[in-house]
Amino acid sequence: MADKRLYQVLGSCLLGGLAGILYGLFVRKTGLGIPCMFHLLTGLKCPGCGVTRMAVALLQLDFAGAFEANPAVLVLSPVLLAVFIKSAKTYIRTGRWTMGAMENTAVWLGTAVLVLYGIVRNVLPLL
């Protein structure tokens, strides 16, 4: 049973990664991407604005460009990846997607960082 869950996780990661790479290549070639509805409606940048540009820059191994596009998400990415890997290991072993106290804390702190980053990136240019 654990083997089946392992293959499910690996297949989902492969499919998601492939979709992300194809989308990044599409954006790079055409310049067309999914618009941010928050930005369209308010004129403000959400905490995720720039993630597509960040991902395209990472595909080109342009770490400075990725940082410029969205530094908060770039810095939080390794932490969120570690939380996902730990949760996936638990799922493969037990069949339940659960997080421990440390993973929950990391997710909540990451959420707080993104909310603060969203506020600061919109208020700072006004000062």
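Determine whether residue 118 is in contact (Cβ under 8 Å) with a residue 40 or more places away in the chain and either surrounded by 12 or more Cβ atoms within 10 Å (Cβ to Cβ) or farther than 21 Å from residue 13 by Cα (or both). So residue 118 fits the description; yes.
Here the condition is being within 17 Å of the chain's Cα centre (by Cα) and farther than 28 Å from residue 123 by Cα; of 48, 65, 24, it holds for 24 alone. The condition of being open to solvent by 80 Å² or more (accessible area, probe 1.4 Å), at pLDDT below 95, aromatic (Phe, Trp, Tyr) and closer than 30 Å to residue 112 by Cβ holds for only one of 67, 26, 38, 63, that being 38. Tallying residues that are open to solvent by 80 Å² or more (accessible area, probe 1.4 Å), touching a residue at least 60 places away in the same chain (Cβ under 8 Å) and part of a helix (DSSP H, G or I) within region 1-14 yields 0. Restricting 48, 17 to residues that are free of Cβ contacts under 8 Å to residues at least 24 places away in the same chain, open to solvent by less than 40 Å² (accessible area, probe 1.4 Å) and either closer than 30 Å to residue 101 by Cβ or not in a helix (DSSP H, G or I) (or both) narrows the list to 17. Only one entry in 79, 56, 83 is under 16 Å from the mean Cα position of the chain (by Cα), surrounded by fewer than 17 Cβ atoms within 10 Å (Cβ to Cβ) and free of Cβ contacts under 8 Å to residues at least 60 places away in the same chain, namely 79. Under the condition of being of a type in the set (Ser, Thr, Tyr) and not in a helix (DSSP H, G or I), the residues counted in region 94-127 number 1.
Among the numbered conditions (1) more than 30 Å from residue 100 (Cα to Cα); (2) touching a residue at least 12 places away in the same chain (Cβ under 8 Å), the only one that residue 29 does not meet is (2).
The values are calculated or read from the model by the stated rules, or taken from the named source; none is laboratory data. Here the structure is a predicted model, which means the values were calculated and not measured. Counting neighbours? That spans all protein chains shown, and the Cβs are built from the backbone with ideal geometry, glycine included. To get the accessible areas, we keep the full protein, side chains included, count just its heavy atoms, and leave off ligands, DNA and RNA. Shrake-Rupley method; radii C 1.70, N 1.55, O 1.52, S 1.80 Å.
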